[in-house]
1. Is it true that some residue in region 59-71 is free of Cβ contacts under 8 Å to residues at least 12 places away in the same chain, of a type in the set (Asp, Glu) and assigned to a helix (DSSP H, G or I)?
2. For region 77-93, which residues satisfy the criterion of being more than 10 Å from the chain's Cα centre (by Cα), surrounded by 15 or more Cβ atoms within 10 Å (Cβ to Cβ) and closer than 19 Å to Arg10 by Cβ?
3. Could you look through region 58-76, keep only residues that are within 16 Å of Leu22 (Cα to Cα) and open to solvent by 30 Å² or more (accessible area, probe 1.4 Å), and pick out the one that is farthest from the chain's Cα centre (by Cα)?
4. Give the residue that is most open to solvent (accessible area, probe 1.4 Å), with candidates limited to residues of region 1-57 that are under 21 Å from Arg89 (Cβ atoms) and assigned to a loop (DSSP other than H, G, I, E, B).
5. Name the residue that is farthest from Val86 (Cα to Cα), counting only residues in region 10-29 that are of a type in the set (A, V, I, L, M, F, W, C) and free of Cβ contacts under 8 Å to residues at least 60 places away in the same chain.
6. Would you be able to say whether some residue in region 83-97 is β-branched (Val, Ile, Thr) and either at positive phi or assigned to a helix (DSSP H, G or I) (or both)?
Amino acid sequence: MKSLDDAVERHPDGVVLHIDVLPGASELVIPAGFNAWRGSIEIRLTERADHGRANRQLLHELARAFGLSQGDVEIMSGHRSHRKVVLMRGIDAGSVLEALRRSLG
C-alpha cells in the first residue's frame, strides 16, 4: 500500500500530483480521498469529460485550492484519462501535503 507522500512528488518547478478524477459528479470535492492502491489523490468534478471541460475545471480548482494562478497548474500526462499527472509551479511539497492531510482528516 502507498501513502499520501507517494501522490505528491517534488519537482524543480514545484510539485507533481498523481490524481484520479471522477468527472460528472454531483458535487465538486477536492480532495475526495486517497487511493492507497494507486497512490493517487481522488478528485470529483462536476464538469463532464467533454471537449476538455473537466480538465479546465480541474486546473482552475487546483489553482484556487492552493492559491496559485491558473497558469501555474498544468496537466503533464493523462489529458484523456481519469488518471492524471499534474504539475503545480511555485509551491512546495510540504505545503501541499499539509493541506491535503488537513482536508482528508
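1. No, region 59-71 contains no residue that is free of Cβ contacts under 8 Å to residues at least 12 places away in the same chain, of a type in the set (Asp, Glu) and assigned to a helix (DSSP H, G or I).
2. Passing the criteria: Arg89, Ile91, Ala93.
3. If we take residues in region 58-76 being within 16 Å of Leu22 (Cα to Cα) and open to solvent by 30 Å² or more (accessible area, probe 1.4 Å), then His60 is farthest from the chain's Cα centre (by Cα).
4. Result: Pro12.
5. Within region 10-29, the subset of a type in the set (A, V, I, L, M, F, W, C) is 15-17, 19, 21-22, 25, 28-29.
Those still in the list that are free of Cβ contacts under 8 Å to residues at least 60 places away in the same chain too: 25, 28-29.
Details: Ala25: 20, Leu28: 18, Val29: 17 Å.
Residue satisfying both the conditions and the ranking: Ala25.
6. Quick first cut of region 83-97, residues β-branched (Val, Ile, Thr) only: 85-86, 91, 96.
Still in the running and either at positive phi or assigned to a helix (DSSP H, G or I) (or both): 96.
Yes, because at least one residue in region 83-97 is β-branched (Val, Ile, Thr) and either at positive phi or assigned to a helix (DSSP H, G or I) (or both).
The values are calculated or read from the model by the stated rules, or taken from the named source; none is laboratory data. Computed from a predicted structure; not experimentally measured. So basically every Cβ, Gly included, is an ideal-geometry build from the backbone, and we count neighbours across all protein chains shown. Side chains are part of the model used for accessible areas, which takes the heavy atoms of the whole protein and leaves out ligands, DNA and RNA. Shrake-Rupley method; radii C 1.70, N 1.55, O 1.52, S 1.80 Å.
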